[in-house]
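In what follows, a single structure is set out as C-alpha cells and then discussed.
The values are calculated or read from the model by the stated rules, or taken from the named source; none is laboratory data. Worth saying up front: this structure is predicted, and the values here are computed from it rather than measured. Neighbour counts run over all protein chains shown; Cβ positions are idealised from the backbone, glycine included. Just so you know, the surface numbers come from the protein's heavy atoms only, side chains and all, with ligands and any DNA or RNA stripped out. Shrake-Rupley method; radii C 1.70, N 1.55, O 1.52, S 1.80 Å.
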Amino acid sequence: MKVDKLVKNVYETIMASGMICQGDSVVVGVSGGADSVCLLSVLKNLQMSMDLKLTAVHIHHGLRGEAADRDRDFVIQLCQTLHVPCECFQTDIREMAQAQHLSEEEAGRLFRYECFEQVRQQKQASKIAVAHHMDDQAETVLFRLTRGSGMKGLCGIPAKRGYVVRPLLSVSRAEVEAYCAEYDL
C-alpha cells in the first residue's frame with residue numbers, strides 16, 4: 001500500500017475519532033466528483049491494513065442528462081478497476097421534489113441517504129462514508145453564522161452521526177484535487 005500524506009492524515013482522523021474500526025463494512029457514496037473519488041481511493045488504500053469491506057453506491061438523479069450518464073459510467077469503471085462492488089440507483093429527482101413539495105436539493109439528499117441506508121442494511125455494513133471535506137465544513141459554519149444559528153448549529157458538520165461518517169473532514173479541497181491529480185483519478 002502506497003501511503004502518502006493525505007492517506008496518512010485520513011487514517012489518523014479515522015483512528016482518533018473511531019469513525020471506522022478494524023473489520024468494518026463501509027458503504028461509500030461515490031458521485032464521480034473529485035471528493036468522492038478521492039474518498040473511495042483512500043479507503044481502498046486502507047482496505048487491507050484495516051480489513052475493510054467496501055461497497056460503492058452511486059446515485060443518478062436524472063437531472064443532468066448525458067453528463068450524469070457519463071458520471072455513472074465513470075464510477076462503474078472506477079469500481080471495476082479498484083475491485084470494489086458498486087450499486088447504482090436512478091430516479092427523477094425533479095418529479096420526486098414536486099410530489100413531496102421539496103427543493104430538488106433536499107429531495108436529492110433524502111433519496112441519496114435512503115439508497116445508502118438500503119445498501120447498508122443489505123450488506124450488513126456498519127458505516128456509510130460520505131466525502132464532505134474541510135472546505136465544506138467552513139462553508140457550512142459560515143452559512144449557519146450568516147443565517148443565524150445557535151451554538152449547536154455553529155459546530156458545523158459532525159465527523160460522525162449515526163452510521164454516517166466523514167473521513168475527509170481534515171482534508172482541504174485543494175488536497176483532494178492534488179491527490180486526484182497525483183493518482184490520475
Meets criteria (touching a Lys or Arg at 6+ places or on another chain (Cβ under 9 Å) and at pLDDT 95 or above) for residue 59 = yes
Looking for whichever is at pLDDT 65 or above, open to solvent by 60 Å² or more (accessible area, probe 1.4 Å), within 17 Å of residue 30 (Cβ to Cβ) and within 17 Å of the chain's Cα centre (by Cα) here; the options are 185, 168. Which one fits?
-> 185
Residue that is nearest to residue 59 (Cα to Cα), among those in segment 94-117 that are out of contact with any helix residue (DSSP H, G or I) (no Cβ under 9 Å at 6 or more places or on another chain) and surrounded by 15 or more Cβ atoms within 10 Å (Cβ to Cβ) | 112
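Just to be sure I understand, how many residues within segment 31-64 are more than 17 Å from the chain's Cα centre (by Cα), farther than 16 Å from residue 21 by Cβ and either open to solvent by 40 Å² or more (accessible area, probe 1.4 Å) or not small (Gly, Ala, Ser) (or both)?
Here the count works out to 2.
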Could you please find all residues in segment 16-30 being surrounded by fewer than 17 Cβ atoms within 10 Å (Cβ to Cβ) and at pLDDT 95 or above?
-> 21, 22, 23, 25
Take the residues in segment 109-156 that are hydrophobic (A, V, I, L, M, F, W, C), within 25 Å of residue 97 (Cα to Cα) and assigned to a helix (DSSP H, G or I), then tell me which one is modelled with the lowest pLDDT.
-> 143
Residue satisfying condition, being within 20 Å of residue 122 (Cβ to Cβ) and among the small types (Gly, Ala, Ser), within set 18, 23, 62, 32 | 23
What number of residues in segment 118-127 are surrounded by fewer than 16 Cβ atoms within 10 Å (Cβ to Cβ) and touching a residue at least 60 places away in the same chain (Cβ under 8 Å)?
-> 1
Quickly run through segment 31-82 and pick out the residues that are part of a strand (DSSP E or B) and not charged (D, E, K, R).
-> 54, 55, 56, 57, 58, 59, 60
Just checking, how many residues over segment 78-93 are open to solvent by 80 Å² or more (accessible area, probe 1.4 Å) and under 11 Å from residue 58 (Cβ atoms)?
-> 1
